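A.B. asks: After the structure tokens below, expect a handful of questions from me.
The values are calculated or read from the model by the stated rules, or taken from the named source; none is laboratory data. This structure is a prediction, so every number in the text was calculated from the model and none was measured. Every residue, glycine among them, receives a Cβ derived from its backbone with ideal geometry; neighbour counts consider all protein chains shown. With ligands, DNA and RNA removed, areas are computed over all heavy atoms of the protein, side chains included. Shrake-Rupley method; radii C 1.70, N 1.55, O 1.52, S 1.80 Å.
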Amino acid sequence: MSDQVNNAIGVLVMSYGTPESLEDVETYYTHIRRGNPPSAAQLEDLTSRYRSIVGGVFPLRENTNIQVAALQRTLDELAGEGAYICYQGLKHAAPYIEDGVAAMAADGIKNAIGIVLTPQYSIMSVGGYMKRAQEEASKQGIAFKSVQEYHLHPELIDALSKRVTEGLDRFGEQRADALVLFSAHSLPAKILEMNDPYSDQLLATSRAIAEAAGVEKWQFTWQSAGQTGQPWLGPDILETLTRLSEEGVKNVLVTPVGFVSDHLEVLYDIDIEARKLSEEHGIRLERIRMLNDDPQYMAALAASVLGLAHGGTNE
Ligand SMILES: CC1=C(CCC(=O)O)c2cc3nc(cc4[nH]c(cc5[nH]c(cc1n2)c(C)c5CCC(=O)O)c(CCC(=O)O)c4C)C(CCC(=O)O)=C3C
Ligand SMILES: [Fe+2]
């Protein structure tokens, strides 16, 4: 098959990946740790966090599947069936990024575009996905371009601002007192020395949503930092919530801007861990509904892919 040219453009849709099952957590965690197996205590800690969010199926796996299928439908509608073919490529689970590119090659695809299911660029995060995809594409003889970021796409901002409005409405009479707390996955603080755009892009997304939703009371905080012995970007959401409670804040709408799915960092780190601390501090914590396969999110992804296909360049 691979000697036959396929004129469709391959779209490599990349996401973090999640274990297949609770038995698979060790393999997954070892991959995240670049081949170093976790200690028994680290493994138990991660497994127990998954146990508290997983009801048979791992939410991120299902949500990535749903997102890729919805993006395929959106591209079919916009460009005609067969013009673009989506493939999944995961960072830390099968089908890995390299598997996705190899599947394109097996189908005879010669031109491909990569896009990651997170809106902001960072050398350590999106840059890592793109490097692996580009390397495999070169090996397979596929011309590859990548969408670097889409953190200010109007459809994305509009979709998120609607969710903020809807989340604030849940506070009822307390709505005017509620504070919108934007959050994103922390990264090792050494990215600050690399001139990385990550934090500026996260703030730009947050500011644009606040403006679109007419929100005046908002802050940004980090979440889900790793324990590596090195400093990570802060303040962490748990510290921020403690400080807010000391300042008398009683109603907080957590709005993750770097995540687009229901998964561990949302369902555990916010919904269980941050909520528990908030309750102890007398804060009512609500969270926006995640985008998952929101049609406007799909429109933002599709427009980014089509923009690059029609002559846009890698930045
Ligand atoms: C920037 C960023 C995003 C957002 C952008 C993107 O989506 O790419 C993200 C998302 C996610 N991170 C996830 C899970 C984990 N990340 C870990 C560890 C790490 N994350 C890092 C960064 C990021 N991570 C980093 C620098 C590490 C340290 C190790 C390393 O240098 O790579 C660990 C190890 C244990 C722990 O630290 O808790 C786990 C289990 C899941 C899946 C959840 C599920 O399965 O439902 C998702 C969506
Ligand atoms: Fe992570």
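A.B. asks: Which of the following residues is among the hydrophobic types (A, V, I, L, M, F, W, C), closer than 18 Å to LEU160 by Cα, in the same structural domain as THR64 (by TED's automatic domain parsing) and touching a strand residue (DSSP E or B) at 6+ places or on another chain (Cβ under 9 Å): LEU203, LEU301?
C.D. replies: LEU301
A.B. asks: Taking helices (runs of 4 or more DSSP H) that fall entirely within the range 86-182, which contain at least 1 residues that are touching a strand residue (DSSP E or B) at 6+ places or on another chain (Cβ under 7 Å), away from ligand 1 (no atom under 16 Å from the Cβ) and farther than 30 Å from SER245 by Cα?
C.D. replies: Once the helices (runs of 4 or more DSSP H) in the range 86-182 are filtered for at least 1 residues that are touching a strand residue (DSSP E or B) at 6+ places or on another chain (Cβ under 7 Å), away from ligand 1 (no atom under 16 Å from the Cβ) and farther than 30 Å from SER245 by Cα, what remains is 97-106, 126-140.
A.B. asks: Considering (1) open to solvent by less than 10 Å² (accessible area, probe 1.4 Å); (2) under 23 Å from ASP271 (Cα atoms), say which one ALA137 fails and leave the rest.
C.D. replies: Tallying (1) open to solvent by less than 10 Å² (accessible area, probe 1.4 Å); (2) under 23 Å from ASP271 (Cα atoms), ALA137 fails exactly one: (2).
A.B. asks: Keeping to the range 265-289, report how many residues are within 16 Å of ligand 2 (Cβ to nearest atom), under 29 Å from GLN72 (Cβ atoms) and in contact (Cβ under 8 Å) with a residue 40 or more places away in the chain.
C.D. replies: Here the count works out to 2.
A.B. asks: Against the definition (away from ligand 1 (no atom under 13 Å from the Cβ) and among the aromatic types (Phe, Trp, Tyr)), how does PHE220 come out, yes or no?
C.D. replies: Judged against the criteria, PHE220 is a match.
A.B. asks: Still on this structure: Answer yes or no as to whether SER261 is within 22 Å of the chain's Cα centre (by Cα) and open to solvent by less than 60 Å² (accessible area, probe 1.4 Å).
C.D. replies: For SER261, the condition - within 22 Å of the chain's Cα centre (by Cα) and open to solvent by less than 60 Å² (accessible area, probe 1.4 Å) - is met.
A.B. asks: So, restricting to helices (runs of 4 or more DSSP H) that lie completely within the range 1-79, which ones have at least 3 residues that are within 11 Å of ligand 1 (Cβ to nearest atom) and out of contact with any Phe, Trp or Tyr (no Cβ under 8 Å at 6 or more places or on another chain)?
C.D. replies: Numbers: elements: 25-32, 40-53, 59-79.
By residue number, 25-32, 59-79.
A.B. asks: Go through (1) over 26 Å from LEU267 (Cβ atoms); (2) open to solvent by less than 20 Å² (accessible area, probe 1.4 Å) and name the single condition LEU71 misses.
C.D. replies: All conditions are met except number (1).
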